[in-house]
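We did not get these values from a lab; they are worked out from the coordinates using the rules stated. It should be emphasised that the depicted structure is a prediction, and the values quoted were computed from it without experimental measurement. Because the Cβ atoms are built from the backbone with ideal geometry, glycine has one as well, and the counts that use them run over all protein chains shown.
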Amino acid sequence: MEQQEVKTPEAVAMLDMLKAVPQQGKFMFGHHDDPVYGIGWDGDSARSDVKSVCGDYPAVMSFDLGRIEIYGDKNLDNVSTDRIRQEVVAQYERGGMVSFSWHADNPLTGKDSWDVSDSTVVKSILPGGANHDKFMGWLDKIADYLNSIQTADGTKVPVLFRPWHEHTGSWFWWGQNLCSTEDYKALWKMTYDRMQEKGATQLIYAYSPGTEPKDSTEYLERYPGDEIVDLIGVDAYQYDKDTFGQNLENALTIMTQVSKAHGKAMAVTETGYETIPDSVWWTGTLLPAIEKYPISYVLVWRNARERENHYYAPYPGQVSAADFVRFYEHPKTVFAEDMKQFEKKK
């Protein structure tokens with residue numbers, strides 16, 4: 001039997017780049033759904049709230065795969081799969097990177113990811129479970145979609161895949177109190193194995209708990225293994241100033257130890273302060289919390305167009321916009337135009 005390719009050359013190059021950025025004392029800036037909608041606009045071509053403020057696109061963009069396995073032509077945020085595909089290719093061609101999260105619906109109840117009414121969901125989709133075949137069909141649809149994201153010459157675009165995130169909390173059906181450690185790891189392995197079987201070898205895998213773990217043992221309690229995971233992350237949001245910086249630094253201290261011990265890249269896979277009411281949040285709170293740590297990137301959540309006051313990046317005129325420009329100009333931050341320095345020589 002022919003040996004299965006573990007990663008495409010493009011995925012290997014992307015992983016090398018993720019490691020090269022912090023080695024130069026820098027980190028990339030990212031924003032979820034950046035080019036597909038923003039404050040007061042939806043679907044415009046070549047637009048971005050971040051670019052409108054600082055003149056450049058983020059170096060990292062993320063999108064969500066949720067409900068693509070159900071609808072086929074759009075995701076849970078009502079963005080067309082064709083548009084996402086187009087933007088992923090465009091971001092890759094400008095030298096940037098894309099990450100995908102997957103807020104998968106609850107396959108047992110038919111409700112969303114946040115439905116935690118039943119603690120047997122993960123068990124039900126593992127081999128032998130009542131929903132196993134249904135779920136494998138979902139995985140196949142996700143793999144087919146990711147495989148369809150290709151450049152004009154047919155190269156599969158490498159992307160970071162970040163399933164089963166924030167599992168150290170219990171707000172998703174795969175969370176801490178909703179499944180055993182053994183079942184959570186089995187879910188990860190089943191996901192990885194199916195993607196490999198489907199030839200989705202352009203994926204880089206991210207493991208991203210919340211800030212709940214108090215030490216590296218807790219951080220790694222549900223870690224699916226070095227042979228699967230490429231990048232370790234943390235999802236950390238600000239709700240009040242006193243605890244945010246401390247929680248994030250605690251997580252980054254733990255992750256730095258784990259990153260060194262396991263040889264993995266590390267990142268702040270999701271963060272932000274809803275509506276960014278603090279005019280100097282970027283250089284006064286976020287930057288001081290992360291600049292000492294060897295992170296590949298920091299990514300803030302989306303600027304919703306269908307929910308008022310649900311945004312995490314500035315837009316023109318927003319109270320933190322001027323400070324964001326200072327953050328953009330800081331020698332440590334990397335945006336799309338800066339990515340040229342990390343391009344692999346072909």
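Kindly flag which residue pairs out of 111/241; 141/185; 7/332 have an alpha-carbon separation exceeding 24 Å in this structure. Distance filter (> 24 Å) returns 111/241; 7/332.
Report, in listed order, any pair from 156/264; 26/214; 26/260; 134/198; 51/264; 19/260 with a Cα-Cα distance greater than 19 Å. The answer is 156/264; 26/214; 51/264.
GNM remark for the chain: springs join alpha carbons under 10 Å apart, and the peak mean-square fluctuation among 56, 242, 144 falls on 242. Hydrodynamic estimate: the Kirkwood radius of region 1-152 over Cα pairs, inserted into Stokes-Einstein at 10 °C and 1.306 mPa s, corresponds to D of 90 µm²/s. Computed from point charges on the beta carbon alone (+1 for Lys and Arg, -1 for Asp and Glu), the dipole magnitude for region 51-93 about its Cα centre is near 60 Debye.
Only aspartates and glutamates eight or more places from residue 74 in sequence, or on another chain, were considered; those with a Cα closer than 12 Å are 64, 82. Note on residue 5 and residue 86: the model spin-label points, each 7 Å out from Cα along the C-beta direction, lie 2.8 nm apart. As a length-normalised measure over Cα pairs under 8 Å and 6 or more apart, the relative contact order of region 9-342 settles at 24 percent.
Going by neighbour counts of Cβ atoms within 10 Å, the residues 102, 173 line up, fewest first, as 102, 173. Each of 110, 79, 157 was placed along the dipole of the chain (beta-carbon charges, centred on the mean Cα), and the one lying farthest toward the positive end is 157. Over region 201-346, Cα pairs under 8 Å with separation of 6+ residues give a relative contact order of 20 percent. When the Gaussian network model of the chain links Cα atoms closer than 10 Å, the mean-square fluctuations of 301, 174, 114 top out at 114. Multiplying the residue separation of residue 218 and residue 278 by 0.36 nm and subtracting their alpha-carbon distance yields 18.4 nm. Given +1 at the Cβ of Lys and Arg, -1 at the Cβ of Asp and Glu and no other charges, the dipole of the chain around its Cα centre is 680 debye to the nearest 20. Bridge orientation summary for the chain: considering DSSP beta bridges with both residues in this region, about 15 percent are antiparallel. Net charge dipole, region 214-346: roughly 500 debye, given to the nearest 20, about the Cα centre with Cβ charges of +1 for Lys and Arg and -1 for Asp and Glu.
From largest to smallest, the equivalent ellipsoid semi-axes obtained for the chain from the alpha-carbon gyration tensor read 29, 23, 21 Å.
Please name whichever of 269, 313, 237 sits farthest to the positive end of the charge dipole of region 222-330, dipole taken about the Cα centre and charges placed at Cβ: Lys and Arg +1, Asp and Glu -1. It is 269, whose Cα lies furthest towards the positive end. Could you work out the relative contact order of region 1-128, using alpha carbon pairs under 8 angstrom and six or more residues apart, expressed as a whole percent? The normalised contact order for region 1-128 reaches 17 percent.
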